[in-house]
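One structure is given below, encoded as structure tokens.
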Amino acid sequence: MPCWYSEIPLFTATSRHYVDRLFDPDPQNVLQGVIDMKNAVIGNNRQKANLIVLGAVPRLLYLLQQSSSSLELRTECAVVLGSLAMGTENNIKSLVDCHIIPALLQGLLCSDLIFIEACLRCLRTVFISPVTPVQLLYTDPTVIPHLMSLLSRSQHTQEYITQIFAHCCKELSGFSIYYCIFFFFMHVSVRMQALKCFSVLAYENAQVSMTLVNVLVDGEQLSQVFVRMMQRDKPIEMQLTAAKCLTYMCRAGAIRTDDNCIVLKLDHDLKHAHELRQAAFKLYASLGSNDEDIRKKITETENMMDRIVSGLSESSIKVRLAAVRCLHSLSRSVQQLRTSFHDHAVWKPLMKLLQNAPDEVLVMASSTLCNLLLEFSPSKEPILESGVIELLCSLTQSDSPALRVNGIWALMNMAFQADQKVKVEIVRALGTEQLFRLLSDPDTNVLMKTLGLLRNLLSTRPHIDQVMSSHGKQIMQAVTLILEGEHSIEVKEQTLCILANIADGNTAKELIMTNDDMLQKIKYYMGHSNVKLQLAATFCISNLIWNEEDGSQERQDKLRDMGFVDILHKLTQASDPNLCDRAKTAMQQYLA
């Protein structure tokens, strides 16, 4: 019997095929298999998890370490491993357990630059994860000197290595101060990583702060170098990070609070930097609002996603609002949701922002979250695991219609094709009283999204029967009130679609069959002047009379006696092809 929704299949069989190709005796077939695997895992957490479970990682590491493997194959293996590392924290743990770090560090001894960059890129992704033990970087005393020797190979090697050091610098503190000074003479992007490392080292660390204040760079105090890096001609991120360094050093007592670099420079330049960032984020939000190509260019701009994400935690509310507007604009892209948003774990700072923010920020942040909870978004699973349901339910109780809409909209997206556990938790957290209060909300957008949530909760027969067994009476009352009320065509169509889903349940359909008043309403809408309402009502009857189900003959007889067959016969002559086909399909149940 045709259902209103269809479930997306798991990828296990396909994943097994990818892994099997890694063992092909033909090296060229193995290479093509790795390339195909690389394309398959982009933005697909489920595929990544399946490949890891099926043993792809040990084989990829084996191929990567074999001198008999071609450089192209070894490089592609490193790229795939890097993509797997961009999945969940569990992925990282699995990769570390498979000893990926020693294998990649060994790969850095190769002379080929492209392969080295691929290994470093993967190492960078592994080390910036909070679940990776940073001690693994310096257990071998030859690793740090070798990484230092690779700095001059290319701009990419500089960036990846400094990012690794920046995340591990707490453990390297004494050495880090000197390597950061060395990096100050390199490319601007590398100087930024050194600056970030300084800020990490100085944070709540009096000993390091006192050391930094006495450091000379080309005969100039490091604190004065930070002041110069806060000038308006420097990148905004550099200005802000340099300001953080000075602030942390001041808090630690290394710089006096009445020092000119604190009193005069900080307040003025920070205000100016905030204004610039706010304007930039607003511009990007406007540019990317309706153009997919521009969204792609924005996210591909070097460090742009990092800057936007960092903007979510700015002290300035205006900057935070502009940053989340920019994210909202970019989140309209399916491709960016599957790639950039996932790779940068955008959902984490977004969730933090939702915990405590003014309503104007909450509205934009919750609207962005709605997009991250769409079925094809890899962020949906980790957001679900973070306990977001309670937060969203609280938004539905807001005095702001926009927040109520976004709260229920996010729950609607979350419930789409969800397992029964998630649906039960949504109903429990929201509460039946609040659910039915939302069904009578004066705001049409709230009502439509609540109906959408109810429709998604009532999909797949076991879920339909379970929900209706617990809340059937209240749901049928709500459906009756909406169908009898003065509502738009769209609202009534959505309500009839809910009724059609109920009619698809094994036991739930009896709530319709034993309610003659409801059957008369369905009959009325089958004869309505609006085709959308006719189609939804006809779909409901089709589900009720389907031949393959128990009790279908009794239901067919009752509905024939009530005149439904005559109406179906008339609709087979309808001018609308969809309505005509649906009526013919229903009539065939009587002829079978």
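The values are calculated or read from the model by the stated rules, or taken from the named source; none is laboratory data. Keep in mind that this is a model prediction, so the values were computed, not measured. Note that each Cβ is placed from the backbone with ideal geometry, even for glycine, and that neighbours are counted across all protein chains shown. Ligands, DNA and RNA are stripped out before the accessible areas are found, and what is left, the full protein with its side chains, is counted by its heavy atoms. Shrake-Rupley method; radii C 1.70, N 1.55, O 1.52, S 1.80 Å.
What distance in nm lies between label points placed 7 Å from Cα along the C-beta direction at Asn547 and Gln66?
5.7 nm
How large is ³J(HN,Hα) for each residue in the range 286-299, as worked out from phi by the Karplus curve 6.51 cos²θ - 1.76 cosθ + 1.60 (θ = phi - 60°), to whole Hz, x for Gly and Pro?
For the range 286-299, the Karplus-derived couplings read 5, 5, x, 5, 9, 10, 5, 5, 5, 4, 5, 5, 5, 5 Hz, x marking Gly and Pro.
So which aspartates and glutamates can Lys234 reach, going by Cα to Cα under 19 Å and dropping same-chain residues fewer than 8 places off?
Of all the aspartates and glutamates, those that pass the test against Lys234 - Cα under 19 Å, at least 8 places apart if same chain - are Glu159, Glu220, Asp267, Asp269, Glu275, Glu302, Asp306, Glu314.
Give the aspartates and glutamates reachable from Lys48 as a straight Cα distance under 17 Å; neighbours fewer than 8 places away on the same chain don't count.
Filter leaves Asp20, Asp36, Glu76, Glu89, Asp97, Asp343, Glu375, Glu381.
Compute for the range 533-583: radius of gyration divided by Kirkwood radius, i.e. Rg/Rh, restricted to C-alpha atoms, rounded to two decimals.
A ratio of 0.98.
Across the range 127-143, in residue order, what do the Karplus-derived ³J(HN,Hα) couplings come to in whole Hz, using 6.51 cos²θ - 1.76 cosθ + 1.60 with θ = phi - 60° and x for Gly and Pro?
Karplus values, whole Hz, x for Gly and Pro: 6, 7, 6, x, 8, 8, x, 5, 4, 5, 6, 10, 5, 9, x, 8, 5.
Which pairs break 20 Å Cα to Cα here: Lys296/Lys318; Lys282/Lys348; Lys523/Lys558?
Checking Cα-Cα distances, Lys296/Lys318; Lys282/Lys348 exceed 20 Å.
Percent of alpha carbon pairs in the range 499-592 separated by more than 23 Å? Don't skip to the answer; put the middle values down first.
Values: 585 of 4371 pairs.
The answer is 13 percent, as a whole percent.
Calculate, in nm to one decimal, what Ile42 and Asp112 gain on full extension: separation in residues at 0.36 nm each, minus their alpha carbon distance.
My answer for the length gained is 22.7 nm.
For the range 264-396, take the convex hull of the Cα atoms, compute a quarter of its surface area, and give me that in nm², please.
The Cα convex hull of the range 264-396, projected and averaged over all directions, gives 8.1 nm².
Relative contact order (percent) for the range 189-243, with alpha-carbon contacts under 8 angstrom and 6 or more residues of separation?
30 percent
Between the range 484-543 and the range 344-373, how many Å separate their Cα centres?
36 Å
Could you work out what % of the accessible surface of the chain is carbon and sulfur, using a 1.4 angstrom probe and leaving DNA, RNA and ligands out of the count? Walk me through the intermediate numbers first.
Numbers: 13650 of 26280 Å².
Solvent-exposed carbon and sulfur of the chain make up 52 percent of the total.
How big is the range 451-490 by Rg and Dmax over its Cα atoms, in Å?
Cα only, the range 451-490: 11.3, 33 Å (Rg, Dmax).
Would you kindly state the longest site-free stretch of the chain, with sites defined as GluC sites (Glu not before Pro) in a DSSP loop (not H, G, I, E, B) surrounded by at most 11 other Cβ atoms within 10 Å? Working shown, then result.
Working: sites that count: Glu7, Glu204, Glu302, Glu375, Glu486, Glu548.
Here the longest run is 8-203.
Mind checking the full-extension length gain between Ile128 and Arg428? Use 0.36 nm per residue of separation minus the Cα-Cα distance, one decimal, nm.
Values: separation 300, 0.36 × 300 = 108.00 nm, distance 3.70 nm.
Contour length minus Cα-Cα distance gives 104.3 nm.
State the Cα centre-to-centre distance between the range 95-125 and the range 564-589 in whole Å.
The range 95-125 and the range 564-589 have Cα centres separated by 64 Å.
Of Thr460, Thr142, Leu483, which is farthest towards the positive pole of the chain's charge dipole, taken about the Cα centre with +1 and -1 on the beta-carbons of Lys, Arg and Asp, Glu respectively?
Thr142
May I ask you to evaluate 6.51 cos²θ - 1.76 cosθ + 1.60, the Karplus curve with θ = phi - 60°, for each residue of the range 563-572 and list the ³J(HN,Hα) values in order in whole Hz, giving x for glycine and proline?
Calculated HN-Hα couplings, in order: x, 6, 5, 4, 5, 4, 4, 5, 6, 5 Hz.
Charges only on Cβ, +1 for Lys and Arg, -1 for Asp and Glu: so what's the dipole of the range 413-476 about the Cα centre, in debye to the nearest 20?
Dipole of the range 413-476, to the nearest 20 debye: 140 debye.
If I model a spin label as a point 7 Å beyond the Cα along the Cα-Cβ vector, how far apart are those points for Gln573 and Asn506 in nm?
In this crude spin-label approximation the distance works out to 4.1 nm.
Taking each pair of distinct Cα atoms in the range 27-112 once, what is the resulting Kirkwood hydrodynamic radius in Å?
After inverting the mean inverse Cα-Cα distance, the result is 12.9 Å.
Which order do Thr75, Thr495, Thr142 take by accessible area at a 1.4 Å probe, largest first? Walk me through the numbers on the way to the answer.
Numbers: Thr75 20, Thr495 0, Thr142 85 Å².
So, going from the largest accessible area down, we get Thr142, Thr75, Thr495.
Sort the range 355-429 into rounded, prolate or oblate with this rule: let a ≥ b ≥ c be the square roots of the eigenvalues of the Cα gyration tensor; rounded if a/c is under 1.5, and if a/c is not under 1.5, prolate when a/b is larger than b/c, oblate otherwise.
prolate
Take the Cβ-Cβ distance between His17 and Asn90 as r, set R0 to 30 Å, and report the resulting FRET efficiency rounded to the nearest 0.05.
FRET efficiency, His17 to Asn90: 0.85.
So with the 1.4 Å probe, I'd like the accessible area per residue for the chain, rounded to whole Å².
44 Å²
For the chain, what Kirkwood radius comes out of the mean inverse Cα-Cα distance, in Å?
Radius from the Kirkwood sum: 27.7 Å.
Which value in Å does the Kirkwood hydrodynamic radius of the range 19-163 take, with 1/r averaged over all unlike C-alpha pairs and then inverted?
Numbers: mean 1/r = 0.0655 Å⁻¹.
Kirkwood hydrodynamic radius for the range 19-163: 15.3 Å.
So what is the relative contact order of the chain, in percent, for Cα pairs below 8 Å that sit 6 or more residues apart?
Over the chain, the number comes to 7 percent.
With the Cα gyration tensor of the range 437-552 giving a ≥ b ≥ c as the square roots of its eigenvalues, does the rule (a/c under 1.5 for rounded; else a/b larger than b/c for prolate; else oblate) give rounded, prolate or oblate?
Oblate.
Can you tell me the length gained on complete extension of the stretch His146 to Ser440, counting 0.36 nm per residue apart and subtracting the Cα distance?
99.1 nm
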